[in-house]
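The values are calculated or read from the model by the stated rules, or taken from the named source; none is laboratory data. This one's a predicted model, so the numbers in the text were calculated from it and none came from an experiment. For neighbour counting, all protein chains shown are included, and Cβ atoms are generated from backbone atoms with ideal geometry for every residue, glycine included.
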Amino acid sequence: MRVLVTGGCGFLGSHTCEFYAKRGDQVVSYDNMTKYELKRTGYGSDKARDYNWNLLSGLGVEMVRGDVRDFEYLLENARGCDFIIHTAAQPAMTISIEDPDLDFSTNVLGTYNVLAVAKELRVPVVYCSSIHVYGNAINDTLIESDTRYLRTPAEIDESHPLLGGLVTPLHASKRTGEIYLQSFVDTYNIEAASFRLTGLYGTRQFGGEDHGWVANFAIRSVLGWPITLFGTGKQVRDILFAPDAVAAFHAFYETRKPGVYNIGGGHAHSISLQECIELIGDILGKQPAVALKDKRLGDLWYFICDISKARTELGWQPKVAPKEGVERLIEWISDNQDCFQL
Ligand SMILES: NC(=O)c1ccc[n+]([C@@H]2O[C@H](COP(=O)([O-])OP(=O)(O)OC[C@H]3O[C@@H](n4cnc5c(N)ncnc54)[C@H](O)[C@@H]3O)[C@@H](O)[C@H]2O)c1
């Protein structure tokens, strides 16, 4: 089989390419390689920028430098593919607020183009949406315990109201992608799914304060740099190890049940920022220094996915528990410290 992965040199995209390449499939990574986020994290070394490109080239992945906003070039590179996984995005809330043009063109036009290609070629497609589409009104329903926010019921399913509370450009662009996807399923009968992804983490995540908080904490802890927490540090996510998300993509390919799915770790994988820092400290044998700053506009303080729908419809469930996943992330960071030098 031949698989096109947009954003193939990103964090999730690279794990997706690796999975299919190791199965022996033909894989095309389609990424514009601007690596915008790296300029902000400060991990701007050549090694960090080229890390996934070099790794995937070595696995025989066909590497294309292309932009999802360029419909013709995307179509040309998608020809002959059996499955498209659309991970290319502007993924950060902070950047969407600072640069709504970039957010709109990448997330809305880019996603529209991917859907249009899937329609033209009659190829199944998964789009990476986000739990952010539920909105920040969830913040108003929380109780504060010593180390985390709590909520009843703890898990949130796909029927939860959307875009509650303050709407930022990221909320708008991610939800718009979902609406277009639904319109293409309903109108043109394409086989497509929106995955509302929770906080992902794993090896090859060059996480910073904008995006990828588990890796941000782990990188800073390994390198002995202080961590900044925006807000109380009691924010909660049901973190998901990247290869588990990739397994969900493949589960959709096999089952082809269009729709919207929460893809997260569920309650068993829930952890607060404070608890995650403590876990990292326990693994490293030294607790990192933490500074608190004011909460940020748009931050969602709590999300734990109810993943019953993905379990039932896709036959999928997460496998890697946070402790094991964070240990694997820390091992990778420790082995690649030169990537993170300023
Ligand atoms: N990482 C998470 O915790 C998380 C959580 C929820 C949703 N998601 C979603 O999952 C997807 C993947 O996230 P990620 O963490 O791997 O992000 P990432 O930033 O690591 O990867 C995105 C990749 O897309 C590429 N890209 C950006 N604009 C492009 C364009 N115009 N054309 C082609 N390529 C372009 C970038 O170069 C990058 O390699 C995104 O849609 C994101 O919103 C991620």
Please enumerate the residues belonging to the stretch 15-43 that are modelled with pLDDT under 95 and in contact with a strand residue (DSSP E or B) (Cβ under 9 Å, 6 or more places away or on another chain). Met33
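Regarding Phe249, is this residue over 23 Å from Met93 (Cα atoms), within 12 Å of the ligand (Cβ to nearest atom) and in contact with a strand residue (DSSP E or B) (Cβ under 9 Å, 6 or more places away or on another chain)? If you could, list the steps in order and put the result at the bottom.
On the way: over 23 Å from Met93 (Cα atoms): yes; within 12 Å of the ligand (Cβ to nearest atom): yes; in contact with a strand residue (DSSP E or B) (Cβ under 9 Å, 6 or more places away or on another chain): yes.
Judged against the criteria, Phe249 is a match.
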Residue check, Gly325 on the phi > 0 side of the Ramachandran plot and either among the small types (Gly, Ala, Ser) or without any contact (Cβ under 8 Å) to a residue 24 or more places away in the chain (or both): no
Whichever residue in the stretch 66-84 is more than 20 Å from Asp25 (Cα to Cα) and within 12 Å of the ligand (Cβ to nearest atom) and, among such residues, is surrounded by the most Cβ atoms within 10 Å (Cβ to Cβ): Val68
Ser159 meets each of (1) more than 26 Å from Val117 (Cβ to Cβ); (2) hydroxyl-bearing (Ser, Thr, Tyr); (3) buried (at least 18 other Cβ atoms within 10 Å of the Cβ) with one exception, condition (3)
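For the subset of the stretch 52-67 comprising residues that are in a helix (DSSP H, G or I) and over 16 Å from Thr6 (Cβ atoms), which member is nearest to the chain's Cα centre (by Cα)? Break it down into steps so the answer makes sense when it comes.
Restricting attention to the stretch 52-67, the residues satisfying the condition of being in a helix (DSSP H, G or I) are 52-58.
Narrowing further to those that are over 16 Å from Thr6 (Cβ atoms): 54-55, 57-58.
Details: Asn54: 21, Leu55: 20, Ser57: 22, Gly58: 24 Å.
Among residues in the stretch 52-67 that are in a helix (DSSP H, G or I) and over 16 Å from Thr6 (Cβ atoms), the one nearest to the chain's Cα centre (by Cα) is Leu55.
Which of the residues spanning the stretch 1-51 are part of a loop (DSSP other than H, G, I, E, B), within 9 Å of the ligand (Cβ to nearest atom) and either in contact (Cβ under 8 Å) with a residue 40 or more places away in the chain or over 23 Å from Trp213 (Cα atoms) (or both)? First the steps, then the outcome.
Keep residues of the stretch 1-51 that are part of a loop (DSSP other than H, G, I, E, B), which gives 1, 7-10, 24-25, 32-35, 42-45.
Subset that is within 9 Å of the ligand (Cβ to nearest atom): 7-10, 32-35.
Once the filter is applied, which keeps residues that are part of a loop (DSSP other than H, G, I, E, B), within 9 Å of the ligand (Cβ to nearest atom) and either in contact (Cβ under 8 Å) with a residue 40 or more places away in the chain or over 23 Å from Trp213 (Cα atoms) (or both), the stretch 1-51 yields Gly7, Gly8, Cys9, Gly10, Asn32.
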Enumeration of residues in the stretch 68-84 that are in a loop (DSSP other than H, G, I, E, B) and among the hydrophobic types (A, V, I, L, M, F, W, C): Val68, Cys81
Is the stretch 135-145 home to any residue that is more than 10 Å from the ligand (Cβ to nearest atom), touching a helix residue (DSSP H, G or I) at 6+ places or on another chain (Cβ under 7 Å) and under 26 Å from Gln274 (Cβ atoms)? yes
Reported set for the stretch 85-132 where residues are under 17 Å from Arg196 (Cα atoms), near the ligand (Cβ under 9 Å from one of its atoms) and part of a helix (DSSP H, G or I) is Asn107, Thr111, Ile131, His132
Picked from the stretch 191-211 (must be assigned to a loop (DSSP other than H, G, I, E, B) and touching a strand residue (DSSP E or B) at 6+ places or on another chain (Cβ under 7 Å)), the residue surrounded by the most Cβ atoms within 10 Å (Cβ to Cβ) is Gly202
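Among the residues of the stretch 224-237, is any among the polar types (S, T, N, Q) and out of contact with any strand residue (DSSP E or B) (no Cβ under 8 Å at 6 or more places or on another chain)? Don't jump to the end; show me each part of the working.
Keep residues of the stretch 224-237 that are among the polar types (S, T, N, Q), which gives 228, 232, 235.
Now narrow it down to the ones that are out of contact with any strand residue (DSSP E or B) (no Cβ under 8 Å at 6 or more places or on another chain): none.
The answer is no; no qualifying residue exists.
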Which listed residue, of Ala154, Ala215, is surrounded by fewer than 20 Cβ atoms within 10 Å (Cβ to Cβ) and within 25 Å of Ala321 (Cβ to Cβ): Ala154
Collect the residues in the stretch 133-179 that are under 15 Å from Phe195 (Cα atoms) and in a strand (DSSP E or B), keeping them in residue-number order. Ile156
Unique match (being within 12 Å of the ligand (Cβ to nearest atom) and among the hydrophobic types (A, V, I, L, M, F, W, C)) among Phe184, Phe206: Phe206
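How many residues does the stretch 227-241 contain that are part of a loop (DSSP other than H, G, I, E, B), on the phi < 0 side of the Ramachandran plot and touching a helix residue (DSSP H, G or I) at 6+ places or on another chain (Cβ under 7 Å)? So that I can check it myself, show each step before the final result.
Step one: of the stretch 227-241, the residues part of a loop (DSSP other than H, G, I, E, B) are 231-235, 239.
From what is left, the residues that are on the phi < 0 side of the Ramachandran plot are 232, 234-235, 239.
This time we only want the ones that are touching a helix residue (DSSP H, G or I) at 6+ places or on another chain (Cβ under 7 Å), so: 234-235, 239.
Number of matching residues: 3.
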